[in-house]
Amino acid sequence: MNVSTIMLRIRNKLRLLWGTPRRFLLNLFRPGYVRESLAQRSGECLRCGACCRLVVKCIFCFKDKAGLPACRSYNFRNANCSKFPFDSRDIADRDLIAPHSPCGYSWGRKGKKTNKS
């Protein structure tokens with residue numbers, strides 16, 4: 001493994017480590033941003049489970065009878081989990097974990113919801 005590969009892995013791990021407190025702080029201090037961003041999010045969860053493995057595997061994550069990721073505390077999830085992904089930055093973090101399994105959520109022109117007055 002060369003130095004550039006090692007540095008890339010370290011950079012990605014640091015980026016993922018920052019994601020959890022980033023989402024917590026956004027929820028706490030910028031709830032308007034979170035609401036606005038979620039209003040523009042389109043799509044749905046495809047139950048890939050990548051969000052449950054961003055830094056370490058979540059202790060509540062397990063495989064259901066169909067072999068899909070599920071949550072033992074689904075009805076009592078914290079805001080970081082229940083609102084994930086907050087924005088396209090979260091999708092980029094998630095894609096570091098599962099680059100070959102696209103997320104069902106998106107933002108941007110194709111995924112943007114519009115309010116017609």
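The values are calculated or read from the model by the stated rules, or taken from the named source; none is laboratory data. What you see is a predicted model; the values in this text were computed from it and never measured. Methodologically, a virtual Cβ is constructed for each residue, glycine included, from the backbone with ideal geometry; neighbour enumeration extends over all protein chains shown.
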_Residues located in region 4-27, provided they are more than 17 Å from the chain's Cα centre (by Cα) and either aliphatic (A, V, I, L, M) or at pLDDT 95 or above (or both)_ = 6, 7, 8, 10
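The rows are residues; the columns are (1) of a type outside the set (D, E, K, R); (2) modelled with pLDDT under 95; (3) surrounded by 12 or more Cβ atoms within 10 Å (Cβ to Cβ); (4) over 15 Å from the mean Cα position of the chain (by Cα).
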position	(1), (2), (3), (4)
54	yes, yes, yes, no
63	no, no, no, yes
81	yes, yes, yes, no
87	no, no, yes, no
90	no, no, yes, no
95	no, no, yes, no
107	yes, yes, yes, no
110	no, yes, no, yes
*Has region 67-75 got at least one residue that is of a type in the set (Ser, Thr, Tyr) and not in a helix (DSSP H, G or I)?*
yes
*Of the residues that sit in region 27-56 and are in contact with a Ser or Thr (Cβ under 9 Å, 6 or more places away or on another chain) and aliphatic (A, V, I, L, M), which one is nearest to residue 68 (Cα to Cα)?*
46
_Candidates 82, 4 - the one that is closer than 16 Å to residue 104 by Cβ, small (Gly, Ala, Ser) and without any contact (Cβ under 8 Å) to a residue 24 or more places away in the chain_ = 82
*Report yes if residue 72 is of a type in the set (Lys, Arg) and without any contact (Cβ under 8 Å) to a residue 12 or more places away in the chain, otherwise no.*
no
